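The values are calculated or read from the model by the stated rules, or taken from the named source; none is laboratory data. Everything numeric in this text was worked out from a predicted model, so none of it was measured. FYI the Cβ positions are ideal-geometry reconstructions off the backbone, even for glycines, and counts take in every protein chain you see.
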Ligand SMILES: [Zn+2]
């Protein structure tokens, strides 16, 4: 059912009909995924969250002309995205592979404090297990996380967190520069944030137009109904303006091509690591 039709029907039909529809849909999805797993046994792909192996992962995403035209990385329809056992996504497996790698000893210290915005399901489970009360997961919508948070106004003191994960969030925030400053403020000096966004490969300058307000037009221009921009290569300059030093970590810097293919990562997607310097650079 498309989104606009659903909104219209919600105003007309009683709520129990939607509950029934969702129950049917969930049962149908479970049956579909079970059949997919039976049809696609094998060991071509493996999931670094649940450890399962599969001949294929499930496809995900939606194709739109703007995504192809602007070559927006980590957007659009992709095959081999969702693990059919635990549901982990390609971009989530990439972050976990990075954190587990020899380049990061972060997971060994359960005293680390971590803030996770718009938490991805599998990462959230892992972080809860490892960091316990030192792990805060938050979202503007309280249904999606344990803590309600507006990242342009974070309710934590300066220099509080060792690390932040805030993936595929900034493209939703009108005042992204304020959000970036807030993320920088609550990080400890030498702390770091992973700040993935859908990034255009051929736009030098970020495209944003705040007069575009309808969901249909946002989908057409920005590639998703609730995005307010498409970031270009000046995304990194915006992060630097907030005080971060940026490092882009390549998949091939610590994974073999076989590992990349097995995890079915998004081709060429770097980890965007924003580090809070221990000193302030002169302007
Ligand atoms: Zn899995």
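Overview of results
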| quantity | calculated |
| --- | --- |
| Residue satisfying condition, being touching a helix residue (DSSP H, G or I) at 6+ places or on another chain (Cβ under 6 Å) and surrounded by fewer than 15 Cβ atoms within 10 Å (Cβ to Cβ), within set 158, 176, 209 | 158 |
| So residue 220, is it touching a residue at least 12 places away in the same chain (Cβ under 8 Å), under 25 Å from residue 70 (Cα atoms), more than 17 Å from the chain's Cα centre (by Cα) and part of a strand (DSSP E or B) | no |
| Some residue of the stretch 178-196 being assigned to a loop (DSSP other than H, G, I, E, B) and either free of Cβ contacts under 8 Å to residues at least 12 places away in the same chain or assigned by TED's automatic domain parsing to the domain that holds residue 233 (or both) | yes |
| Criterion violated by residue 97 - all others in (1) within 16 Å of the ligand (Cβ to nearest atom); (2) modelled with pLDDT of 95 or more; (3) more than 26 Å from residue 201 (Cβ to Cβ) satisfied | (3) |
| Boolean, residue 253 is in contact with a strand residue (DSSP E or B) (Cβ under 9 Å, 6 or more places away or on another chain) and in contact (Cβ under 8 Å) with a residue 24 or more places away in the chain | no |
| Looking only at the stretch 77-94, and only at residues there that are farther than 29 Å from residue 275 by Cα and assigned to a loop (DSSP other than H, G, I, E, B), the one that is farthest from the ligand (Cβ to nearest atom) | 77 |
| Tabulated pairs, the stretch 77-90, first more than 12 Å from residue 36 (Cα to Cα) and assigned by TED's automatic domain parsing to the domain that holds residue 196, second near the ligand (Cβ under 6 Å from one of its atoms) and modelled with pLDDT under 90, C-beta under 6 angstrom, 6+ apart or interchain | none |
| Residues being assigned to a loop (DSSP other than H, G, I, E, B), within 16 Å of the ligand (Cβ to nearest atom) and at pLDDT 90 or above - total across the stretch 27-75 | 10 |
| Residue check, residue 280 free of Cβ contacts under 8 Å to residues at least 60 places away in the same chain and assigned to a loop (DSSP other than H, G, I, E, B) | yes |
